[in-house]
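Visitor: Below: one structure in structure tokens.
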Amino acid sequence: MVEVSTPVKWLLRLLAIGYVFLLVAWPVSTIVQDAFADGVGAFFEIFQDEQVVNALALTAQVALQAVAINLVFGVGISLLLVRYEFPGKRVLSALIDLPMSVSPVVVGLSLLLVYNGRDGWFGKTLEEWGVQIIFSGTGMIMATCFVALPLVIREVVPVLTEIGDDQEQAARSLGANARQTFLRITLPSIKWAVVYGVVLSLARSLGEFGAVKVVSGNVANQTQTATLVVEKQYQSFDQTGAYGVSFVLAFVSVVCIVVVSLLRPKEHKK
Amino acid sequence: MSIEVTNVTKKYGDFHALDDVSVSLPTGQLTALLGPSGGGKSTLLRIIAGLDTADSGTVAIEGTNATKLPPQKRNVGFVFQHYAVFKHMTVAKNVAFGLEIRKTPKAEVKRRVGELLELVHLSQFADRLPSQLSGGQRQRMALARALAVEPTVLLLDEPFGALDAKVRKELREWLRRLHDEVHVTTVFVTHDQEEAMEVADEIVVINQGRVEQVGSPDELYDEPANDFVMGFLGEVTRLGPVRLRPHDVDVSVEPGRAGSFPGRITRLLRVGFEVRLQVELDPEVASGAEPVSVVLPRSHARGLDLELGSRVWLTAAVGAVTVPAMVAV
């Protein structure tokens, strides 16, 4: 490591901490303050509101399904990217990063263009088969999957690359077939990357707003998720409600990340 | 014949890793595939194991055509240069892996694992993780793991390449003894001629994707088929029209022997029990030729009273292995 003089070291630490504090810690902590501004009782009152409860339940449903789908496809695509050579591999890899750079609102609009029932490229056909995507849970799950797609893959790919395929080849030479090799060798090796990717996806899916707003139609008690309720309450001057739901969302995400960082074995211990 | 490789060719782009290779490896023996790095020997081993596929040609193991079989159906044990240990499993679990895949009863697995750990002297480490073992121990564990499934053939890819010199030497002696105990047909890849000579019953010399020669260590050393084999199996020097081993050059301090080459000692180096000389031949017998390397025992050198600058006369020793030198480069 490069030696840095003590004052510089402290200055750098101060800068980093100050930056994170002003940008993240302070604003998030004010949510907590405002959520409980009128006392704990007022905070729990928001759960009397049917609209809020329905929205939270819907958010949980959409997020869990999106995470489950992203888990399967994420691990699959990671294996494909690391273990196999095929034409178009770099294009695929670049496409996976697209959700990171495209605004979720744009994601929502593009899904709308393809899948809406009236003049969507694919939506009309699906509608004839009786499948509605836009303004339904399916569309919301799709939008959430889209925005959270890279999170599992970007966690798993570096780990897969690092462990190499020596262990997998050894397992094959010892008689294991592809499924046994994956379950007994590959999966245990990438376990923590998968868990971390899932938690990040979950946190991201719970908080998704833009894409879901466009495809859901934002109908109260039906297609209104927690983030949409926050916006609606804030706009109708229901501050306590808005901060309360915000707090629940932030709390769940923070708990996820804390639990994982406690569970995750210390790095560099190999 | 245990392994029969016929007309195997493997290309990576334009590069011929293996060029129409045919070789038969006998049952129950310890065979070394010897050659320089990038010569194709590891590729051949991986094709035998099914970890790589040949572009053309066939591989038969114990009489069955294995060319199209996936690795898990070939019943071969494979040991990798970098051990390929299962990091998340204990030593005992690593060794048990192949048996558990085969749905062997638990009691039987336990007994076999115990035996194998005994065989590789790792019994007291059964419950440790591989990360707590040294390199040599890890490789012994990998060997036990490969032997657990009672493979028809055991294949080792530069098994001692990642170990330090002392452990390497210990392990190769140990491998020889192990083979004498277990008698499984074993093929190992190495680029270290000393390792091959010391351990193997038979050596296959592979260079640039071709088999240069097959034979016992003595045959290869005493009757090298060509210049490459001779050069690869030991040091070689050139004396007039022939190439020969430096220790096969006789040194005399006075002229008189027929066909001797006069010269002057330009370098003299004592290494342990031997003395290495560089002799520059007189220009009239060999103008522009490289200096001749000579190795002789220290006692012999002392008897001749050799010093830097001494005049000497060199001849090829009686019975020396020689090959004609290539046309002057």
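Visitor: Which angle from 0 to 90°, rounded to the nearest 10, does the C-alpha axis of helix B:91-101 make with the longest principal axis of chain B?
Guide: Approximately 60 degrees, to the nearest ten.
Visitor: For chain B, what does -39500 (n - 2.57) per DSSP helix run (n ≥ 4), summed and divided by total residues, give at 222 nm, in deg cm²/dmol to the nearest 500? Before the final figure, lay out each step's value.
Guide: Working: 9 runs with 93 residues, N = 329.
Estimated from H runs of four or more residues: -8500 deg cm²/dmol.
Visitor: Sort the following peptides by mean Cβ neighbour count (other Cβ atoms within 10 Å, averaged over residues), highest first: A:41-51, A:198-208.
Guide: Sorting A:41-51, A:198-208 by mean packing, highest first, produces A:198-208, A:41-51.
Visitor: Under DSSP H, which helices of chain A have Cα atoms covering 20 Å or more of the helix axis and a Kyte-Doolittle average no less than 1.0?
Guide: On the way: long enough: A:6-20 (21 Å, 1.11); A:50-83 (49 Å, 1.49); A:137-163 (38 Å, 1.52); A:187-207 (29 Å, 1.18); A:239-263 (36 Å, 2.10).
Once both thresholds are applied, what remains is A:6-20, A:50-83, A:137-163, A:187-207, A:239-263.
Visitor: If you don't mind, there's one more thing I want to ask. What does the net charge come to around residue B:323 if you take all other residues with beta carbon closer than 9 Å to its beta carbon, with K and R at +1 and D and E at -1?
Guide: It works out to a net charge of 0.
Visitor: Mind putting a number on the dipole of chain B about its Cα centre? Charges go on the C-beta only, +1 for Lys and Arg and -1 for Asp and Glu, and I need it in Debye to the nearest 20.
Guide: Value, rounded to 20: 1520 debye.
Visitor: Moving on. Have a look at A:250, A:171, A:68 and tell me which one the Gaussian network model of chain A (Cα, springs below 10 Å) gives the largest fluctuation.
Guide: A:171
Visitor: Modelled label-to-label distance, residue A:28 and residue A:187, 7 Å Cα→beta-carbon offset: nm?
Guide: Spacing of the two 7 Å Cα→Cβ label points: 3.1 nm.
Visitor: Still on this structure, I have one more. How do B:150, A:85 rank when sorted from fewest to most other Cβ atoms within 10 Å of their own Cβ?
Guide: Going from sparsest to densest Cβ surroundings: A:85, B:150.
Visitor: Where does the charge balance sit around residue A:164 when Lys and Arg score +1, Asp and Glu -1, over other residues with C-beta under 13 Å from its C-beta?
Guide: -2
Visitor: Return the FRET efficiency for the residue pair residue B:107, residue A:195: r is the Cβ-Cβ distance, R0 is 45 Å, and the value is rounded to the nearest 0.05. Mind dumping the intermediate values first?
Guide: On the way: r = 35 Å, r/R0 = 0.78.
Working from the Cβ atoms, E equals 0.80.
Visitor: Can you tell me the 0 to 90 degree angle between the C-alpha axis of helix B:165-182 and the longest principal axis of chain B, rounded to 10?
Guide: Rounded to the nearest ten degrees, it is 60.
Visitor: Taking the Cβ-Cβ separation of residue B:282 and residue B:216 as r and a Förster radius of 35 Å, what is the calculated FRET efficiency to the nearest 0.05?
Guide: About 0.30, to the nearest 0.05.
Visitor: Obtain the nm distance between the two label points defined at residue A:102 and residue B:115 by a simple spin-label model: each point lies 7 Å from its Cα along the Cα-to-C-beta direction.
Guide: 6.1 nm
Visitor: If you don't mind, there's one more thing I want to ask. Say we join alpha carbon atoms closer than 10 Å with springs in a Gaussian network model of chain B; which of B:296, B:154, B:220 then has the biggest fluctuation?
Guide: Highest fluctuation among the options: B:296.
Visitor: Rank by packing, highest mean first: peptides B:238-246, A:7-15, with packing defined as the count of other Cβ atoms within 10 Å averaged across residues.
Guide: B:238-246, A:7-15
Visitor: OK, next. With Cβ to Cβ distances under 14 Å as the rule, what net charge do the other residues near residue B:134 carry (K, R +1; D, E -1)?
Guide: Here the charged neighbours net out to +3.
Visitor: Now a separate question. Please enumerate, by chain and number, the lysines with C-alpha under 23 Å from the C-alpha of residue B:169, excluding those fewer than 8 residues away in the same chain.
Guide: Straight-line reach from residue B:169, under 23 Å: B:41.
Visitor: Evaluate E = 1/(1 + (r/R0)^6) for residue A:4 and residue A:110, where r is the Cβ-Cβ distance and R0 equals 45 Å; express this FRET efficiency to the nearest 0.05.
Guide: After rounding to 0.05, the efficiency reads 0.45.
Visitor: Starting from the Cα gyration tensor of the range B:254-300, take the square roots of the eigenvalues, sort them a ≥ b ≥ c, and report rounded, prolate or oblate (rounded when a/c is under 1.5, otherwise prolate if a/b is larger than b/c, else oblate).
Guide: Oblate, since a/c reaches 1.5 and b/c is not below a/b.
Visitor: Here's something else I'd like to know. Could you work out, residue by residue across A:158-171, how many beta carbons of other chains sit within 10 Å of that residue's beta carbon, and then give the average as an integer?
Guide: Working: counts 0, 0, 0, 0, 0, 1, 2, 2, 6, 8, 1, 8, 16, 7.
Counting Cβ atoms of other protein chains within 10 Å of each residue's Cβ and averaging gives 4.
Visitor: Each label point is 7 Å from the Cα along the Cα-to-Cβ direction; what then is the distance between the points at residue A:124 and residue B:176, in nm?
Guide: About 8.2 nm separates the two model spin labels.
Visitor: Another question about this same structure. Give me the dipole magnitude in Debye, nearest 20, for the range A:49-263 about the Cα centre, with unit charges on the beta carbon: positive for Lys and Arg, negative for Asp and Glu.
Guide: 400 debye
Visitor: Sticking with this structure for a sec: What span do the alpha-carbon atoms of the range B:3-230 cover on each of the three principal axes, reported in whole Å from largest to smallest?
Guide: Computed over the range B:3-230, the largest-to-smallest principal extents equal 52, 39, 31 Å.
Visitor: If the cut-off is a Cα-Cα distance under 20 Å, which lysines reach residue B:73, setting aside same-chain residues fewer than 8 apart in sequence?
Guide: Hits, sequence-local ones excluded: B:103.
Visitor: Another question about this same structure. Mind listing the phi-derived Karplus ³J(HN,Hα) values for the range B:239-254, rounded to whole Hz, using 6.51, -1.76 and 1.60 with θ = phi - 60°, and x for any glycine or proline?
Guide: Rounded to whole hertz, the list is 10, x, x, 10, 10, 7, 6, x, 7, 9, 9, 8, 10, 10, 9, 9.
Visitor: Now for a different question. Within chain A, how many Lys pairs that are eight or more residues apart, or on different chains, come under 19 Å at the alpha-carbon? Intermediate results must be reported in sequence, preceding the final value.
Guide: On the way: A:191/A:266; A:191/A:269; A:191/A:270; A:213/A:232.
Eligible lysine pairs with Cα atoms under 19 Å apart amount to 4.
Visitor: Right, something else. Between the range B:300-323 and the range B:61-138, how many Å separate their Cα centres?
Guide: Distance between centres, Cα-based: 53 Å.
Each value in this text was obtained by applying a stated rule to the coordinates, not by laboratory testing. A quick note: this is a predicted structure, and the numbers were derived from the prediction, not measured. Positions of Cβ are generated from backbone atoms using ideal geometry, with glycine treated the same way; all protein chains shown enter the neighbour counts.
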